[in-house]
1. Residue under question is L115, and the condition is that it be closer than 21 Å to L154 by Cβ and either surrounded by 21 or more Cβ atoms within 10 Å (Cβ to Cβ) or in the same structural domain as I18 (by TED's automatic domain parsing) (or both); does it hold?
2. In the list L115, L167, L154, which residue meets the criterion of being assigned to a helix (DSSP H, G or I), in contact with a strand residue (DSSP E or B) (Cβ under 8 Å, 6 or more places away or on another chain) and closer than 26 Å to S326 by Cα?
3. Going by the structure shown, is P258 surrounded by fewer than 17 Cβ atoms within 10 Å (Cβ to Cβ) and on the phi < 0 side of the Ramachandran plot?
4. Taking E110, is it among the charged types (D, E, K, R) and within 19 Å of the chain's Cα centre (by Cα)?
5. Within the range 91-112, track down each residue that is of a type in the set (S, T, Y) and surrounded by 12 or more Cβ atoms within 10 Å (Cβ to Cβ).
6. Has the range 143-158 got at least one residue that is farther than 21 Å from T41 by Cα, surrounded by fewer than 24 Cβ atoms within 10 Å (Cβ to Cβ), in contact with a Pro (Cβ under 9 Å, 6 or more places away or on another chain) and of a type in the set (G, A, S)?
Amino acid sequence: MKAALLTEFGSPLEVTTIPDPVLGTGEIIVDVVASHVLSYTGEVLRGERNYQLELPLAPGAAAVGQVRATGPDATRLKPGDWVLCDITVRSRDDLRTPDIALQGWSARGEGGRQLMRHFRHGAFAAQMMIPTENAIPLGPVRAADAGRWCALDLLLVPYGGLVAADLQAGETVLVSGATGNYGSAGVAVALAMGAARVVAPGRNEKVLDDLARRFGDRVRTVQLTGEPDEDQRGMRSAAAGPIDVVLDLLPPAAGTAPVRVAAMTVREFGRVVLMGGVGMLGGDDLALPYPWLMRNGITVRGQWMFPRAAAPRLISLARSGLLDLSQYQVAEFSLDDVNEAVAHAADDKPFALTVLRPS
């Protein structure tokens, strides 16, 4: 099959032919129709994010495609069915603390690297072999719309955080990092889940204005100044009441100061979920005051990716129209133009997707 291989960090992707995947028990082979090119793909390929990869491999994040072949443990999916390929591969021999790899993207620890050695190639290829449970049924999809369904790859991350926070309809959510790709997706997901109000702080005035235009009065934007006290007052004022949940999705370069300022706007007995990349590349740790946490009964939770049951529920939100995927503008590239696609994705703004069409 045709694939785009990374042979060493810092080198361009090489479009070449590699052996077709061989089906085994507990696996499904999918013909990749559209694969999402994340905005920071170039950083991963250059080694700047220190992601653990078993090279050479075809990288890539989540994909949308059609089932080619199923193993004996698949009783519902049939060849031709449209699926979302979830790249979160979990070991099956420890349900409490499974080893995890993101197929074609990163691995955590030696157990994760072992998983990656088997589920090696990601979505920058004509086919993917994935665990049976990672093929999430999408229902009918027009081939021309497959790229837009790749938006689920962005939306699932904040959805996992809001599920971890046990967000309830009618609550107020503050999305820290709201002007980024994941943060803006978090705003959309929180509204789809029934948040009464979403506070969206950020420095990019143009993106803040766009969020207000897209979502109306339920979104209250806050232009950050970099002054902690002033920014905290602005966020609390925009909420016009208690902030029930703070979801942090800031990238590694943001630093800990804005995370701390946003987290400490949450109400007594509120919940703070940390999902961003702050600290992943070094720097100061996040310092939240012990007395504030203890006396106010604050729950702070880290969340990486999303639980397995999240994807079908998010697909239902999209199918119902509560989550509008048509807001995403899609730029598509052929696999032969993969390096151009990576460069294009680096400039992606909120509600923009760069997609490969490997087949």
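The values are calculated or read from the model by the stated rules, or taken from the named source; none is laboratory data. Computed from a predicted model, the values in this text were never measured in an experiment. Neighbour counts run over all protein chains shown; Cβ positions are idealised from the backbone, glycine included.
1. When the stated conditions are applied, L115 does not pass them.
2. L154
3. It is false that P258 is surrounded by fewer than 17 Cβ atoms within 10 Å (Cβ to Cβ) and on the phi < 0 side of the Ramachandran plot.
4. On the way: among the charged types (D, E, K, R): yes; within 19 Å of the chain's Cα centre (by Cα): no.
No.
5. S91, S106
6. no
Residues checked against (1) outside the structural domain of I298 (by TED's automatic domain parsing); (2) of a type outside the set (G, A, S):
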residue: A144; (1), (2): yes, no
residue: L162; (1), (2): no, yes
residue: A169; (1), (2): no, no
residue: G180; (1), (2): no, no
residue: V187; (1), (2): no, yes
residue: A196; (1), (2): no, no
residue: T221; (1), (2): no, yes
residue: E227; (1), (2): no, yes
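Residue-by-condition table, conditions (1) among the aromatic types (F, W, Y); (2) closer than 20 Å to G270 by Cα; (3) in a helix (DSSP H, G or I):
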residue: V163; (1), (2), (3): no, yes, yes
residue: S184; (1), (2), (3): no, no, yes
residue: L191; (1), (2), (3): no, yes, yes
residue: V199; (1), (2), (3): no, yes, no
residue: D209; (1), (2), (3): no, no, yes
residue: A212; (1), (2), (3): no, no, yes
residue: T221; (1), (2), (3): no, no, no
residue: G226; (1), (2), (3): no, no, no
